[in-house]
Amino acid sequence: MSLIPLALLQFLVPVLPQLGLGQSIGARALREGATPELPPGIFFAIWGVIFTAYLVFALRANLRPGYLSNALAGPLSLAGLGNIIWMLAAQQIGSETLNAILLVPLLSIVWFAAWLLDRSGGFDGTASRILPCLLIGLFSGWITVAVGISLPPVLRSALDLGPTDHVWLTLWTVLLPAIALARLFASRISRSLWYYVALSWGLTGIIVNTWCRMELHALAIATTGILGLILLSRWRYPAPGAGPRVV
């Protein structure tokens with residue numbers, strides 16, 4: 001099954017810069033200097049959780065295949081391949097515009113997997129559903145964050161702005177897509193709560209960055225308010241997800 005080599009490659013690719021092949025994504029991001037939208041490095045550790053869940057799912061799907069794992073294998077294989085291509089492009093090419101473009105199909109593929117999982121019933125209380133719900137929910141939410149934080153560098157490049165020029169414009173370039181995508185995910189894609197765990201983790205990283213590292217306290221307070229509104233919207237309003245369930 002292709003999921004296993006793709007899972008291993010997702011662990012391998014981030015190590016390539018340490019072997020002298022390309023520049024790490026973090027190093028490329030920091031070339032521009034401290035920017036409001038970039039969470040501290042510790043927040044990117046969520047990739048380790050996603051990669052580990054992907055590998056465990058791949059092994060389980062290979063050892064004990066079933067209807068759900070077979071249905072998810074195709075989109076998750078494409079998602080793994082798309083993630084590898086995106087990481088390689090970020091390391092070897094370093095074009096902010098290309099990085100943002102590559103994230104769009106990746107988000108679509110991961111969201112399609114989330115839609116399939118939700119159509120099949122999502123989390124039904126069984127142990128066999130915990131892993132795919134965790135994997136796809138976190139992956140979907142974190143790619144939403146990645147799309148958001150990929151946009152400000154493109155905007156700054158297009159407008160010839162410095163890292164701290166028009167910081168409010170930079171912030172809203174991240175937050176407005178996050179609001180729209182979160183509501184779209186809940187209303188059309190999935191009821192997953194893990195999505196909101198990953199999204200909250202990413203926005204919390206922006207709060208920590210703007211408050212502690214950049215001392216832009218107003219931006220941190222605004223981001224906190226938007227995060228609260230996103231979570232309140234998920235709690236107060238219906239989240240039909242993919243709609244009628246198909247078993």
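Out of all the residues in the range 66-99, which are touching a residue at least 60 places away in the same chain (Cβ under 8 Å), surrounded by fewer than 19 Cβ atoms within 10 Å (Cβ to Cβ) and within 20 Å of residue 123 (Cα to Cα)?
66, 68
So how many residues does the range 1-40 have that are assigned to a helix (DSSP H, G or I), small (Gly, Ala, Ser) and either modelled with pLDDT under 85 or open to solvent by 60 Å² or more (accessible area, probe 1.4 Å) (or both)?
So the first thing to find is which residues in the range 1-40 are assigned to a helix (DSSP H, G or I), and the list is 3-19, 25-31.
Subset that is small (Gly, Ala, Ser): 7, 26-27, 29.
Keeping just the survivors that are either modelled with pLDDT under 85 or open to solvent by 60 Å² or more (accessible area, probe 1.4 Å) (or both) gives 26-27, 29.
Of the residues in the range 1-40, 3 are assigned to a helix (DSSP H, G or I), small (Gly, Ala, Ser) and either modelled with pLDDT under 85 or open to solvent by 60 Å² or more (accessible area, probe 1.4 Å) (or both).
Residue by residue, here is whether (1) in contact (Cβ under 8 Å) with a residue 12 or more places away in the chain; (2) not small (Gly, Ala, Ser) holds:
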| residue | (1), (2) |
| --- | --- |
| 108 | no, no |
| 131 | yes, yes |
| 147 | yes, yes |
| 157 | yes, no |
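One line per residue, one yes/no per condition, for (1) part of a loop (DSSP other than H, G, I, E, B); (2) closer than 23 Å to residue 49 by Cβ; (3) modelled with pLDDT of 95 or more; (4) under 18 Å from the mean Cα position of the chain (by Cα):
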| residue | (1), (2), (3), (4) |
| --- | --- |
| 178 | no, yes, yes, yes |
| 201 | no, yes, yes, yes |
| 218 | no, no, yes, no |
| 221 | no, no, yes, no |
| 228 | no, no, yes, no |
| 231 | no, yes, yes, yes |
| 235 | no, no, no, no |
| 240 | yes, no, no, no |
| 245 | yes, no, no, no |
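Quick check on this structure: which one of 119, 129 is closer than 19 Å to residue 55 by Cβ, surrounded by fewer than 22 Cβ atoms within 10 Å (Cβ to Cβ), more than 12 Å from the chain's Cα centre (by Cα) and not acidic (Asp, Glu)? It would help to see each step written out before you state the result.
On the way: 119 fails: closer than 19 Å to residue 55 by Cβ.
Being closer than 19 Å to residue 55 by Cβ, surrounded by fewer than 22 Cβ atoms within 10 Å (Cβ to Cβ), more than 12 Å from the chain's Cα centre (by Cα) and not acidic (Asp, Glu) holds for just one of 119, 129, which is 129.
For the range 201-229: of the residues being among the polar types (S, T, N, Q) and open to solvent by less than 20 Å² (accessible area, probe 1.4 Å), which is nearest to residue 39 (Cα to Cα)?
Restricting attention to the range 201-229, the residues satisfying the condition of being among the polar types (S, T, N, Q) are 204, 209-210, 223-224.
If we keep only those that are open to solvent by less than 20 Å² (accessible area, probe 1.4 Å) too, we end up with 209-210, 223.
Values: 209: 6, 210: 9, 223: 12 Å.
So the residue we want is 209.
What single numbered condition from (1) of a type outside the set (A, V, I, L, M); (2) open to solvent by 20 Å² or more (accessible area, probe 1.4 Å); (3) under 18 Å from the mean Cα position of the chain (by Cα) fails to hold for residue 124?
(3)
The values are calculated or read from the model by the stated rules, or taken from the named source; none is laboratory data. It should be emphasised that the depicted structure is a prediction, and the values quoted were computed from it without experimental measurement. Note that each Cβ is placed from the backbone with ideal geometry, even for glycine, and that neighbours are counted across all protein chains shown. SASA here: full protein model, heavy atoms, side chains in, ligands and nucleic acids out. Shrake-Rupley method; radii C 1.70, N 1.55, O 1.52, S 1.80 Å.
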